[in-house]
Amino acid sequence: MKYTVFVDGQEGTTGLKLLDYLSRFSSIEVLKINPEKRKDPKEREKLLNEADLAFLCLPDSAAKESISLVKNDKTKLINASSLFRTDKNWVYGLPELKQQRERIQSSSRISVPGCHATGFILSVRPLIESGLLQKDYPASCYSISGYTGAGKSGIDEYENADSDSINKLRVPRPYSLLRKHKHLPEMAMFSGLEYEPLFTPIKANFPQGLAMTVLLTGRSMAKQASAKTVHEILAAYYESERFVQVMPYNAEAYLEDGHFLIDECKNTNRLEIFVFGQGDHIAIVSRYDNLGKGASGAAIQNMNLMLGFDEASGLIL
């Protein structure tokens with residue numbers, strides 16, 4: 001069976017990556033919009049209603065407009081913006097959570113997780129479900145990500161920097177320090193925490209790659225635990241998952257190369273989790289491609305589930 005798919009927002013970073021993924025499917029016909037009409041509501045409405053499935057790769061306000069343009073019950077929607085991620089009428093598109101895969105398969109409205117949220121939730125949710133971490137635990141985390149996560153403006157800032165800006169851009173920079181990061185609500189809701197974590201995002205001078213680090217202390221857990229216990233829980237939780245791999249315990253050698261973010265998971269849909277610890281000090285590090293498992297790859301994984309394809313179709317493990 002052949003399906004028609006439309007990418008609303010095909011000129012953006014996520015949209016362009018999705019078109020690349022979709023070119024690998026012989027069973028999908030991609031509906032293209034004339035670039036001159038990409039903001040024309042009538043043309044978008046026509047294509048949105050022709051499609052069996054549409055990806056919304058747009059700012060929140062534009063995504064909301066696109067949803068209002070869908071006039072039928074047939075078109076399935078996968079929304080890549082932050083809109084609706086915590087809305088009960090939309091299914092959160094993180095298949096590796098317990099029973100979430102079945103929810104995605106039976107839904108016509110999917111919200112793709114935020115890139116930072118993905119690593120945090122996959123690190124924390126199993127610990128909450130096991131009872132090791134209490135729901136009111138004061139979680140803290142930070143992430144280092146490639147500049148493509150900031151979209152076209154972020155890419156332009158780094159790739160077309162003038163001579164006065166080059167030195168400044170070489171140093172990783174914390175951001176979103178004076179306002180709440182938009183991923184925080186989903187990080188709390190889908191990790192199982194009652195409160196949003198303390199979170200510092202950091203932008204670095206490489207295009208793709210993300211490492212989310214969650215810091216825990218065994219003394220403050222519901223059951224006093226070691227890093228080894230945390231590793232065992234995560235390894236058991238993701239044992240049968242294709243895209244999430246828990247690496248050997250205390251495997252620091254895998255992270256010694258300064259380019260580990262760029263090289264290992266680039267252009268894949270793979271997410272690797274590391275657990276380190278000494279005494280009751282515990283660090284969970286997840287690394288993945290912010291454009292892969294953190295965005296477009298995750299969107300394709302959800303599409304595969306919704307259309308009945310093999311979950312790994314078109315994706316690189």
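Across the range 55-81, what is the number of residues that are surrounded by fewer than 19 Cβ atoms within 10 Å (Cβ to Cβ) and hydroxyl-bearing (Ser, Thr, Tyr)?
2
Name the residues in the range 201-220 that are of a type outside the set (A, V, I, L, M) and more than 21 Å from Gly292 (Cα to Cα), would you?
Within the range 201-220, Thr217, Gly218, Arg219, Ser220 meet the criteria.
Condition check: surrounded by 18 or more Cβ atoms within 10 Å (Cβ to Cβ) and in contact with an Asp or Glu (Cβ under 6 Å, 6 or more places away or on another chain). Does Leu48 satisfy that?
Criteria not met by Leu48.
If you scan the range 58-92, which residues turn out to be within 17 Å of Ile28 (Cα to Cα) and either in a helix (DSSP H, G or I) or of a type outside the set (Lys, Arg) (or both)?
Thr75, Leu77, Ile78
Filter the range 1-29 down to the residues that are closer than 14 Å to Thr75 by Cα and β-branched (Val, Ile, Thr) and list them by number.
Selection gives Thr4, Val5, Val7.
Search the range 1-57 for residues being assigned to a loop (DSSP other than H, G, I, E, B), aliphatic (A, V, I, L, M) and more than 16 Å from Ile300 (Cα to Cα), and hand back the single one that is farthest from the chain's Cα centre (by Cα).
Per the stated criteria, the residue is Met1.
Could you grab the pairs with beta carbons closer than 8 Å, sequence gap of 6+ or different chains, first residue in the range 191-208 and without any contact (Cβ under 8 Å) to a residue 24 or more places away in the chain, second one not aliphatic (A, V, I, L, M)?
Going by the 8 Å Cβ cut-off, the qualifying pairs are Glu196/Lys180; Glu196/Pro185.
Looking at the range 83-96, which of its residues are crowded, with 20+ Cβ neighbours inside 10 Å, at pLDDT 95 or above and either out of contact with any Ser or Thr (no Cβ under 7 Å at 6 or more places or on another chain) or not basic (Lys, Arg) (or both)? Step through it out loud before you land on a result.
First pass over the range 83-96, keeping only residues crowded, with 20+ Cβ neighbours inside 10 Å: 83-85, 91-96.
Those still in the list that are at pLDDT 95 or above too: 84-85, 91-96.
Result: Phe84, Val91, Tyr92, Gly93, Leu94, Pro95, Glu96.
Checking Gly119 against (1) over 13 Å from Ala299 (Cα atoms); (2) crowded, with 17+ Cβ neighbours inside 10 Å; (3) more than 14 Å from the chain's Cα centre (by Cα); (4) of a type outside the set (A, V, I, L, M, F, W, C): exactly one of these is not met. Which one?
Of (1) over 13 Å from Ala299 (Cα atoms); (2) crowded, with 17+ Cβ neighbours inside 10 Å; (3) more than 14 Å from the chain's Cα centre (by Cα); (4) of a type outside the set (A, V, I, L, M, F, W, C), only one is false for Gly119: (3).
Quick one: which helices (runs of 4 or more DSSP H) lie wholly within the range 97-187 and hold at least 1 residues that are without any contact (Cβ under 8 Å) to a residue 60 or more places away in the chain and not aromatic (Phe, Trp, Tyr)?
Passing ranges, in order: 100-105, 151-159, 166-170.
For the range 241-257, state whether one or more residues are within 16 Å of the chain's Cα centre (by Cα) and among the hydroxyl-bearing types (Ser, Thr, Tyr).
Within the range 241-257, not a single residue is within 16 Å of the chain's Cα centre (by Cα) and among the hydroxyl-bearing types (Ser, Thr, Tyr).
Kindly indicate which of Ser176, Ser140, Ser145 is under 20 Å from Ala204 (Cβ atoms) and touching a His at 6+ places or on another chain (Cβ under 8 Å).
None of the other options fit; the residue is Ser145.
Only one of Phe6, Phe25 is in contact with a helix residue (DSSP H, G or I) (Cβ under 6 Å, 6 or more places away or on another chain), modelled with pLDDT of 95 or more and not β-branched (Val, Ile, Thr). Can you tell me which?
Phe6
Can you report the number of residues in the range 206-254 which are within 19 Å of Phe120 (Cβ to Cβ), part of a helix (DSSP H, G or I) and either open to solvent by 10 Å² or more (accessible area, probe 1.4 Å) or touching a Gly at 6+ places or on another chain (Cβ under 6 Å) (or both)?
6
For the range 255-288, which positions are outside any strand (DSSP E or B) and either modelled with pLDDT of 90 or more or surrounded by 15 or more Cβ atoms within 10 Å (Cβ to Cβ) (or both)?
Once the filter is applied, which keeps residues that are outside any strand (DSSP E or B) and either modelled with pLDDT of 90 or more or surrounded by 15 or more Cβ atoms within 10 Å (Cβ to Cβ) (or both), the range 255-288 yields Leu255, Phe260, Leu261, Ile262, Glu264, Cys265, Lys266, Asn267, Thr268, Asn269, Arg270, Asp280.
Which residues, counting only those in the range 129-147, are in contact with a Lys or Arg (Cβ under 9 Å, 6 or more places away or on another chain) and closer than 25 Å to Gln301 by Cα?
Answer for the range 129-147, where residues must be in contact with a Lys or Arg (Cβ under 9 Å, 6 or more places away or on another chain) and closer than 25 Å to Gln301 by Cα: Glu129, Ile144, Ser145, Gly146, Tyr147.
Applying the selection to the range 97-133, what residues are closer than 18 Å to Ala227 by Cβ and of a type in the set (Gly, Ala, Ser)? Spell out the reasoning first.
Filtering the range 97-133 for residues closer than 18 Å to Ala227 by Cβ gives 119-120, 122-128, 130-133.
Hits for the range 97-133 are Gly119, Ser123, Ser130, Gly131.
The values are calculated or read from the model by the stated rules, or taken from the named source; none is laboratory data. Since this is a predicted model, take the numbers as computed values, not measurements. All Cβ positions, glycine included, derive from the backbone under ideal geometry; neighbour counts span all protein chains shown. With ligands, DNA and RNA removed, areas are computed over all heavy atoms of the protein, side chains included. Shrake-Rupley method; radii C 1.70, N 1.55, O 1.52, S 1.80 Å.
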